[in-house]
Structures are given as C-alpha cells and as structure tokens.
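What follows is a single structure, written as structure tokens, with notes after it.
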Amino acid sequence: MKKISKKQYGEAFCKLNNWEWSEVFGEKPIDFDDLPHYSKEDKSLRTKYTVVTPYIKECKKHLHDYGTSYYWWKIVLRRPWYKWMGWYFIKRPLIECRIL
C-alpha cells in the first residue's frame, strides 16, 4: 500500500465531504455517481454516505480535528492559513463555550 501524505488525506477529506470520490483511495466505485447521498427511510440502502463514511473516518484518524478543519478552510473555503488560525484557536473555543 502506498504512503498517503497529510495533504492527500486533507484533499480526500474535502472531496468526500462534498460527495466526490477521491482517487487517493483507489478507483471510484462503478455506481458511485448514481447513488443517492443518503437515505433516512432505508438504512440498509447503499448510498454515497455508506460508501464514503469509512474513508472519511480514515482521513480523520490521520488528520484529527485540527487537520480536517485546516484543510477545509484551505481547500473548500479558500481562506488563508492565518484567518484559520484566528478562528481555530481564538473564536472557535469561545463559540464552543457559548461566550460568542
């Protein structure tokens, strides 16, 4: 198995959270594009959620909260790292403590 870098895990995390397949985890399943995102009615139904969840967990295992948050800001939100630092270390804790 090839070594996956933190950056690759970060890119994969962002793609998978947007219902896009990441080639980091191999070829896209044949039926992936045709699957519904999720199903509230039938939990046994194969969905994109059931396909991507194990891979998202794998990304989180290697990146932790810090890394997933950072790459989301960098790749999806396209915000500079110093804005993320201010949010992650100053504003986020205040929001979580319900101060803001």
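None of the figures in this text is laboratory data; all of them are computed from the coordinates on show. Only a predicted model underlies this, so the values are computations on that prediction, with no experimental measurement involved. When we count neighbours, we look across all protein chains shown, and the Cβ atoms used for this are built from the backbone with ideal geometry, even at glycine.
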**Item:** Structure-based [θ]222 nm, the chain - -39500 (n - 2.57) summed over DSSP H runs of at least 4, per residue, nearest 500
**Value:** -14500 deg cm²/dmol
**Rel. contact order, % - alpha carbon contacts under 8 angstrom, at least six apart, the stretch 6-96** = 30
**Request:** Mind giving me the nanometre distance, one decimal, between the label points for GLU96 and GLU23, set 7 Å out from Cα along Cα→Cβ?
**Result:** 3.6
**Prompt:** Per 10 Å bin from zero, what fraction in whole % of the C-alpha pairs of the chain is there, up to the bin with the longest pair?
**Reply:** 14, 38, 30, 16, 2
